[in-house]
Amino acid sequence: MKRLSRRQFVGVGTAAAFGSPLLATLEANDPGTDTTPQIEGRTIVVQPTWVVVPDGEKLKPLRDHEVVIRDDRIAEVRPRRTSRDAIAADGQILLAGFISGHTHSAAGTMTRGFVEENSFASVQTDDPSIPSRSLLRPMVLMEDLSDDELDDLTALNLAEMLRSGCTTQVEMSLSLKQMRSYVRVARRYGIRGYPGGMVPGMKRLLAIWGRADDRVLQESEPETLAEIAANLAFARSINGAENGRIRPMMAPSVTSVHTRSTFEAIDRGAEELGNGIHIHIQNGWDPNDRKALQRVWGQDEIPILQSLGLLGAPTFGAHLLGIDLQKDLAVLAHARFTFAHCPSAAGASVLPSSQPYPEALAAGVNTCIGLDTHSNDYLENIKLAVMQGRARSQLLGRSSPVPLTEPTIWHALRSATLGGAHGLGRTDLGRIEAGAKADLCTVDVSGLLVGNGAPPREPWNNLLYANGLSVRNVMTDGTWQVRDGKLVFDDEARIVARGGVVVRKVWSLLEAEGFFVPMPR
């Protein structure tokens, strides 16, 4: 059988394209890196059993409709027609590609599996000579990897995100070096990204963040300004690259490591790039951080950001840990602000229920869902947002000083699609309608462990029993990246093997340091 190039493959629009012969042929090829959109003028018709479309600011399901795709956009959503050329997705629900509002893409698989027993993000030992088992230490060691090693690690994580239906990331790379890696891999894989290099980067962050003397902050200012300038220079060079898929942001790490001058430089850079600001909002979580803010600024975190004009950039803020719910939510609801709720933050079940997702929904704060680190399974994080949010609402509802909304799957789906798109100012993302970008994924809601043995009555609720492996097909900009559960942009086994080599290298360095101290039980 003649082997197909990537360009030939992505233009195939027949039902046979879902069958194993074509996939087997593709897997025999050398992985292509062509991420161009569908061949100009080529039409693809996808026929799921259900499709979720926007209904104003809400979502609604349609049964027995099809979606027509031309080039990189959706041309039409219409009642299903008989066509031998249509791509059948029976038993599947078609959704807009998920938008992650907060990622550190290279760090996920590195730390997964040894941070989950922590009470927060670290375990201190009685011996000060032994490093704490903090998730941040391996992130520092990643900075010493070669570019090729870092790219292998980034590729493994981004492949997982795509496999679970996440087509867009608001990416806070942990340094300019990691941002460069993200961009290199995102270009190869055809990902839509809003990357920013975290400032200060991991090499400098912890000394400033954990300072005992505020002179450390003042003395760090020149080097932080230099980091901002370097990040901005790289961002200028890639802004709008890959048919507009790469749009860099400015990414201050946390409020307590910045001065007025560095925040002003961040704001100027964001205004020039036009894509916004991405920051952790969590200094109120740690009493020492809150005291540091009061010493330097005389205010808490949200008032500081508001006084600097940084909530109108637009701004993506992750976590919202320790904010004043009664005062701050009203401010955030009226700003150009998006709360990135991260259900897997700091490791599964470590931090998530501390994030005010139900309160933000009730206050009208625009919300999205972020993968953060450790879990790259977007569908799993949609589930966790609902389940954890319900638990928080039920436990705190009677005693809370502010209202809480008990989330359903509809709240989480909106956060996963329209919420992120709204924060990005994109009316062509996060929705399935004519004129929108063809960023799509289908999820099997009828198979084992997810379905009912018959067509589901309300398939959107069956998503609560699914996970990333239930995602069958994914496309960005009209280009297929996952077909029938198989990656088509690279060889899956090779991605896993190469990424695993880098993971083991960093783990060996941690072992030599005595990092893996026993966990209390």
Residue satisfying condition, being under 21 Å from Gly317 (Cβ atoms), surrounded by fewer than 21 Cβ atoms within 10 Å (Cβ to Cβ) and assigned by TED's automatic domain parsing to the domain that holds Ser173, within set Ala362, Ala391: Ala362
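Would you mind finding the one in Ala235, Ala226, Ala265, Ala270 that is surrounded by fewer than 14 Cβ atoms within 10 Å (Cβ to Cβ) and in the same structural domain as Leu321 (by TED's automatic domain parsing)? Before the answer, list the steps.
Values: Ala235 fails: surrounded by fewer than 14 Cβ atoms within 10 Å (Cβ to Cβ); Ala265 fails: surrounded by fewer than 14 Cβ atoms within 10 Å (Cβ to Cβ); Ala270 fails: surrounded by fewer than 14 Cβ atoms within 10 Å (Cβ to Cβ).
Step by step, each of Ala235, Ala226, Ala265, Ala270 is checked, and only Ala226 is surrounded by fewer than 14 Cβ atoms within 10 Å (Cβ to Cβ) and in the same structural domain as Leu321 (by TED's automatic domain parsing).
Which ones in the range 78-94 are farther than 23 Å from Lys60 by Cβ and not polar (S, T, N, Q)?
Scanning the range 78-94 gives Arg84, Asp85.
If the requirement is being under 17 Å from Lys383 (Cβ atoms) and either free of Cβ contacts under 8 Å to residues at least 40 places away in the same chain or surrounded by fewer than 22 Cβ atoms within 10 Å (Cβ to Cβ) (or both), which of these qualifies: Gly451, Gly435? Lay out the reasoning, then the answer.
Numbers: Gly435 fails: under 17 Å from Lys383 (Cβ atoms).
Answer to the check: Gly451.
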Members of the range 57-68 that are among the aliphatic types (A, V, I, L, M) and touching a Lys or Arg at 6+ places or on another chain (Cβ under 9 Å): Leu59, Val67, Val68
What helices (runs of 4 or more DSSP H), lying completely within the range 3-113, carry at least 1 residues that are closer than 27 Å to Gly499 by Cβ, modelled with pLDDT under 95 and in contact with a strand residue (DSSP E or B) (Cβ under 7 Å, 6 or more places away or on another chain)? 6-10, 20-28
Within the range 237-294, work out how many residues are of a type in the set (Val, Ile, Thr) and out of contact with any Leu (no Cβ under 9 Å at 6 or more places or on another chain). 2
When the residues of the range 409-420 are filtered to those that are in contact with a Lys or Arg (Cβ under 9 Å, 6 or more places away or on another chain) and more than 17 Å from Gly364 (Cβ to Cβ), which remaining residue is surrounded by the most Cβ atoms within 10 Å (Cβ to Cβ)? Thr417
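Tell me, which residue of the range 466-521 that is over 30 Å from Arg73 (Cα atoms), within 25 Å of the chain's Cα centre (by Cα) and not β-branched (Val, Ile, Thr) is surrounded by the most Cβ atoms within 10 Å (Cβ to Cβ)? Working first, answer last.
Residues of the range 466-521 over 30 Å from Arg73 (Cα atoms): 493-494, 496-521.
With within 25 Å of the chain's Cα centre (by Cα) added as a condition, the list becomes 493-494, 496-504, 506-507.
Still in the list and also not β-branched (Val, Ile, Thr): 493-494, 497-500, 504, 507.
Numbers: Ala493: 10, Arg494: 12, Ala497: 12, Arg498: 17, Gly499: 23, Gly500: 14, Arg504: 9, Trp507: 16.
So, considering only residues that are over 30 Å from Arg73 (Cα atoms), within 25 Å of the chain's Cα centre (by Cα) and not β-branched (Val, Ile, Thr), the one surrounded by the most Cβ atoms within 10 Å (Cβ to Cβ) is Gly499.
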Would you call Pro401 surrounded by fewer than 21 Cβ atoms within 10 Å (Cβ to Cβ), assigned by TED's automatic domain parsing to the domain that holds Asp328 and more than 24 Å from Val68 (Cα to Cα)? yes
Right, Lys505: under 30 Å from Glu66 (Cβ atoms) and basic (Lys, Arg) or not? no
Set Thr167, Thr154: member being closer than 26 Å to Ser415 by Cβ and touching a Cys at 6+ places or on another chain (Cβ under 8 Å): Thr167
The condition of being among the hydroxyl-bearing types (Ser, Thr, Tyr) and outside the structural domain of Ala360 (by TED's automatic domain parsing) holds, among Thr417, Thr442, only for Thr442
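Listed here are the residues, each with its yes/no results for (1) outside the structural domain of Val254 (by TED's automatic domain parsing); (2) free of Cβ contacts under 8 Å to residues at least 24 places away in the same chain; (3) under 15 Å from the mean Cα position of the chain (by Cα).
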position: Leu145; (1), (2), (3): no, no, no
position: Leu153; (1), (2), (3): no, no, no
position: Val183; (1), (2), (3): no, no, yes
position: Gly196; (1), (2), (3): no, no, yes
position: Val199; (1), (2), (3): no, no, no
position: Leu205; (1), (2), (3): no, no, no
position: Val216; (1), (2), (3): no, yes, no
position: Pro222; (1), (2), (3): no, yes, no
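The values are calculated or read from the model by the stated rules, or taken from the named source; none is laboratory data. None of the values given here were measured: they were computed from a predicted structure. Glycine gets a Cβ as well: all are built from the backbone with ideal geometry, and neighbour counts include every protein chain shown.
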